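As structure tokens, the structure follows; a few thoughts come after it.
Read-outs throughout are calculated quantities, based only on the coordinates presented, and are distinct from any laboratory measurement. Note that the structure is predicted; figures quoted are calculated from it, not measured. Glycine also receives a Cβ, built like all others from the backbone with ideal geometry; neighbour counts cover every protein chain displayed.
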Amino acid sequence: MHLAITLADQTIHATLLDNPAAAAFAAMLPLTLSMRDLFRREKYAPLPSPLPTNAPKLFRYTVGDIAYWSPSNDLAVYYLQDNETIPAPGIIPLATIDSGTHLFHRPGTLTATFRLLP
């Protein structure tokens, strides 16, 4: 499955992964989120409801990863590598941005709309 992510007047695409959390995220779409910046490496926003946590967790990320941080029920989009590790309990990968990650690399809050592509 593929996603379209719209930021202002630009749309980028991502590929959903095959795990229960990604399937639950897809079921929430379309979804518009006001995403804040964290550590100048990621944008994050709370999801309307929790996702399943019975998927492999990662303690490192790659630029372009879209992941779930379960302690605060947040969606995170990683746009810049700082080589830091993710603290426990780790992140659950949901999708990978195909190209255009740089659009998230801007100061402050941004609005992003996530939707499934047919």
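Annotations
- Protection proxy ranking, peptides 15-23, 98-106, average beta carbon neighbours within 10 Å, highest first: 15-23, 98-106
- Computed with the Debye formula from one identical point scatterer per Cα of region 2-116, without solvent, the log10 of I(q)/I(0) at q = 0.12 Å⁻¹ comes to -0.35.
- Our coupling estimate for region 12-17, obtained by passing each phi through the Karplus curve with A = 6.51, B = -1.76, C = 1.60 and θ = phi - 60°, is 10, 10, 9, 10, 6, 8 Hz, Gly and Pro reported as x.
- Going from the residue with the fewest nearby Cβ atoms within 10 Å to the one with the most, V77, V63 rank V63, V77.
- Amide H contacts of I86: R60, each under 5 Å away and 5 or more positions distant or on a separate chain (H built 1.01 Å from N in the peptide plane; Pro and chain starts excluded).
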